Amino acid sequence: MNYRSLILLGTGTIGRGLLKIGQRQLSTFESVTVIDRKPLPKSYKGRSPSFTFCLGDAEDLDLLTYHVMRVPGKTLVIQLCSEIDSVRVRCHMGMLGAAYLDTSASHLPGKMQGTYDEIMSYTHTWIEGMCPHWICWGINPGLVEVVARRMMQNDRIHECAFDVSVYEHDQLDATTQSGRLGVGWSPGELIEEVMLTPTLEIAKGRIVQENFSEAKPAKFRWGKEIIPCRVVAHEDIWNMGLLPQVSSARFLYAFHPRVMKVLAGSVADAYESLGVPEDHIPLRGAERVAVQVTADGVERCCTWETDHAEVWERYAVNAVQYQVCRAIEVAIELLQRTHLGLMKGTYCASTLPLNRMDWEFIDEAFASNSIDWRPAKDPVLKVVE
């Protein structure tokens, strides 16, 4: 194994999910330290593998130094907190010689507002250090980029101009204990994505940001169903714009009709109306993610569908948690068991250099972690004008 110790920052929706379903990967570390500003529920105390829980702030650099220095051997830090300056944390991890992994874009220093292009350019800040830093690695961003790259690779026509569309349809149907409509992850960040950030797409190889105040509404057809959605600025789309063969790309995001109605209203009402269901709340609906790649009139599409009720009954997580955590598990295995875990530099799933053996390892990791991307049946997905 490349790393002896793991430090997990954040036990929100995704962090708690990883502690529930990521035991096989976590057990590859001699030491696991979990840090959060809020204590974990008692139900987590007896989980295996054992870990040390510490109250603290992920942006407290003195605290991070203490924990990195006290654990044995080389350390991997997984940062799963929301709304923090992750580049500041990464710079410090680079100085300490630690590897790093996160799932989303950084906030700008001092919580300054900026365009999405500015946010992502800052997120990709190159960190000098002895170990790799992998950013924006979840299901999307993350695995959707890997799947798109694989489909483009299969064409074996590298001079092609590829059009990439990412679709997500979260049909989660549940209410929280307090009566809020259920969503699969941080309501605050979801609202910021859909209601407070203008649409960003890749068009003719260039970043195009709309002048609206929110993600523009659209519709797409999935099979026979026409689904209202939003065209959302998303890390995976910006990242895929770094690939020279990608000419255009977009992300279309849809939710249960009741949630879509809330997102069409006021921001204040959305903050009051949405929440992540507690672990004991039964769930219904499916989480569906699709990646479609088109070149020279040939379309390829892969989908991964997870049933909320099925994974809730088995793991007490929702399907969004499940898919993101499975993606993190693949990243841990790559960092722990392959040469990629020893490669210096800052990478996302679009820019990580992968050779034939790496692709074979990824295929095996997908299978062993029940990541089930399947070729889509006709008709393929279509944006409805």
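Okay, residues lined up against (1) at pLDDT 95 or above; (2) closer than 27 Å to residue 161 by Cβ; (3) buried (at least 23 other Cβ atoms within 10 Å of the Cβ); (4) in the same structural domain as residue 227 (by TED's automatic domain parsing):
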| residue | (1), (2), (3), (4) |
| --- | --- |
| 249 | yes, yes, yes, yes |
| 271 | yes, no, no, yes |
| 331 | yes, no, yes, no |
| 337 | yes, no, no, no |
| 341 | yes, no, no, no |
| 349 | yes, yes, yes, no |
| 354 | yes, yes, no, no |
| 359 | yes, yes, no, no |
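Residues in region 85-116 that are touching a Leu at 6+ places or on another chain (Cβ under 8 Å), in a loop (DSSP other than H, G, I, E, B) and at pLDDT 95 or above: 85, 98, 103. Residue 213 - would you say it is assigned by TED's automatic domain parsing to the domain that holds residue 269, touching a Pro at 6+ places or on another chain (Cβ under 8 Å) and assigned to a loop (DSSP other than H, G, I, E, B)? Taking the combined requirement at face value, the residue satisfies it.
Take the conditions (1) hydrophobic (A, V, I, L, M, F, W, C); (2) in the same structural domain as residue 184 (by TED's automatic domain parsing); (3) assigned to a helix (DSSP H, G or I); residue 119 misses just one of them, which is (2). When residue 373 is tested against (1) of a type in the set (Phe, Trp, Tyr); (2) touching a Cys at 6+ places or on another chain (Cβ under 8 Å); (3) closer than 28 Å to residue 127 by Cβ, just one condition goes unmet, and that condition is (3). Exactly one residue among 258, 230 is touching a residue at least 60 places away in the same chain (Cβ under 8 Å) and of a type in the set (Lys, Arg), and that residue is 258.
To keep it simple, each residue is scored yes or no on (1) under 19 Å from the mean Cα position of the chain (by Cα); (2) modelled with pLDDT under 95; (3) not in a helix (DSSP H, G or I).
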position: 294; (1), (2), (3): no, yes, yes
position: 305; (1), (2), (3): yes, no, yes
position: 309; (1), (2), (3): no, no, no
position: 321; (1), (2), (3): yes, no, no
position: 379; (1), (2), (3): no, yes, yes
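Within region 87-110, is there a residue that is out of contact with any helix residue (DSSP H, G or I) (no Cβ under 9 Å at 6 or more places or on another chain), aromatic (Phe, Trp, Tyr) and within 30 Å of residue 246 (Cα to Cα)? No, region 87-110 contains no residue that is out of contact with any helix residue (DSSP H, G or I) (no Cβ under 9 Å at 6 or more places or on another chain), aromatic (Phe, Trp, Tyr) and within 30 Å of residue 246 (Cα to Cα).
Residues are listed down the side, and each one gets a yes or a no for (1) among the aromatic types (Phe, Trp, Tyr); (2) closer than 18 Å to residue 101 by Cα; (3) part of a loop (DSSP other than H, G, I, E, B):
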residue: 16; (1), (2), (3): no, yes, no
residue: 34; (1), (2), (3): no, yes, no
residue: 65; (1), (2), (3): no, yes, no
residue: 72; (1), (2), (3): no, no, yes
residue: 83; (1), (2), (3): no, yes, yes
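The values are calculated or read from the model by the stated rules, or taken from the named source; none is laboratory data. What you are looking at is a predicted structure, and each value in this text was computed from that prediction instead of being measured. We place every Cβ from the backbone using ideal geometry, glycine too, and count neighbours over all the protein chains shown.
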